[in-house]
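What follows is calculated from the coordinates using simple rules that are stated; it is not laboratory data. Computed from a prediction, not measured in an experiment: that's the story for all the values here. When we count neighbours, we look across all protein chains shown, and the Cβ atoms used for this are built from the backbone with ideal geometry, even at glycine.
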Amino acid sequence: MTLVGDGGGDLLLSIGEFSKMTYLSVKALRHYHDVGLLAPATIDPATGYRRYRVDQVGTAQAIRRFRELEMPIDEVRRVLDAPDDRSRNRAILVHLERMHAQLERTQATVASLQSLLTGEGYPDSPVEIRRLPATRALAARGTVFFDDCATWLLPALRRLHAEAEAAGLEVTAPHGALYPDAFFEVGQAEVTAFVPVDASEDAAGPIVELPASTVAVLTYKGPIGDLDRAYGALGTVVARRGIGGPGPIREHYLGDDLTEVCWPVTAAAS
């Protein structure tokens, strides 16, 4: 990768001179050489001294900027080795898009933390005790890590809706998911995504019956990343009343950032 403005390709610089011209420390330059990112023009076989060409200055400065943008070494290498400007620009754009998404997540986390610090930590939605009837549903199960759940869940629900449509099954209620205790306590467990449908026992597709259960329900409106606030509010109510029961947590996704969290309680709570 040679940048516009580079020149003096025959002039060799000591690593110290090159360091001052590029704002990269000698340690960083040695590291970039070791990982195959920026090799010196020559290395003295007797002394091991590295020397760089003037026309490598622009490349080194670009590397410094990429690293300031937290671009991984392997991606920087792909940018530098890109066969043409289009491929190079695409690789850079992919990283910038990822940084933008990270910035949005950071801003959302900051806003959430600010609301917690100002006493707005828990939603004030009422908690109701509800008896959920046994429900037939198309279901998909997967062993999922806590932090990877959304990545697994959304495609799974889309597939289930597609299967329902292909089989001519009517969707009878909002889709959702079941989360066993181990999902929260261990950080990995079998999660069940489901789409309630009007189906007989011999219907095509992975039909299961969700058992009837008594639950405490809190409806939360907000980003899924703040759903722990709903869990905190609902769990507090359940704990204070001493009504917690066995079974997985159940979530219903109602759309428009609206989620019902269903916490299992004892039958006596109803």
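Here the sum of -39500 (n - 2.57) over DSSP H runs of 4 or more residues, divided by the residues of the chain, equals -13000 deg cm²/dmol at 222 nm, to the nearest 500. When the Cα atoms of the range 127-269 are aligned to their principal axes, the ranges along those axes come out at 45, 33, 28 Å in descending order. Rounded to the nearest 10 degrees, the inclination of helix 227-241 to the longest alpha-carbon principal axis of the chain is 40 degrees.
A simple packing score, the average count of other Cβ atoms within 10 Å per residue, orders the peptides 30-38, 67-75 as 30-38, 67-75, with the highest score first.
Can you tell me what percent of all Cα-Cα pairs in the range 224-269 are more than 18 Å apart?
30 percent
Placing +1 on the Cβ of every Lys and Arg and -1 on the Cβ of every Asp and Glu, with no other charges, gives the range 12-81 a dipole of roughly 160 debye about its Cα centre. The length gained on full extension between residue 267 and residue 44, counted as 0.36 nm times the residue separation minus their Cα-Cα distance, comes to 72.2 nm. Between residue 150 and residue 98, the contour length at 0.36 nm per residue exceeds the alpha carbon distance by 17.0 nm. The angle between the Cα long axis of helix 85-117 and the longest principal axis of the Cα atoms of the chain comes to about 50 degrees, rounded to the nearest 10. P(r) for the range 12-81, please, calculated from all Cα pair distances in 10 Å bins and given in %. Calculated P(r), rounded to whole percents: 21, 57, 20, 2. Taking 0.36 nm per residue of sequence separation and removing the Cα-Cα distance, the residue 198/residue 51 pair yields an extension gain of 45.5 nm. The phi-based Karplus calculation (6.51 cos²θ - 1.76 cosθ + 1.60; θ = phi - 60°) puts the 3J(HN,Hα) values of the range 253-259 at 9, 9, x, 6, 6, 10, 10 Hz, whole numbers, x for Gly and Pro. Projected onto their three principal axes, the Cα atoms of the chain cover extents of 84, 48, 33 Å, largest first. Close amide H partners of residue 41, meaning residues 5 or more places away or on another chain with modelled amide H under 5 Å apart, are 51, 52, 53. In this calculation the C-beta distance from residue 166 to residue 134 is compared with R0 = 30 Å, giving a FRET efficiency of 0.75.
Would you mind working out the magnitude of the charge dipole of the range 127-269 relative to its Cα centre, with +1 at each Lys and Arg C-beta and -1 at each Asp and Glu C-beta, to the nearest 20 Debye? Please report the intermediate quantities before stating the final value.
Values: 11 positive and 19 negative charges, 96 e Å.
Computed about the Cα centre, the dipole is about 460 debye.
Using only Cα coordinates, the Kirkwood hydrodynamic radius of the range 133-180 works out to 11.9 Å.
Site pair residue 30 and residue 106 shows an inter-label distance of 3.1 nm when each label is modelled 7 Å from Cα along Cα→Cβ.
Mean sequence separation of contacting Cα pairs (under 8 Å, at least six apart), scaled by the length of the range 159-270, corresponds to a relative contact order of 29 percent.
Short-range pairs are left out: with C-alpha atoms under 8 Å and at least six residues apart, the relative contact order of the range 12-81 is 34 percent. Reducing the range 134-161 and the range 224-256 to their Cα centroids gives an inter-centroid distance of 19 Å.
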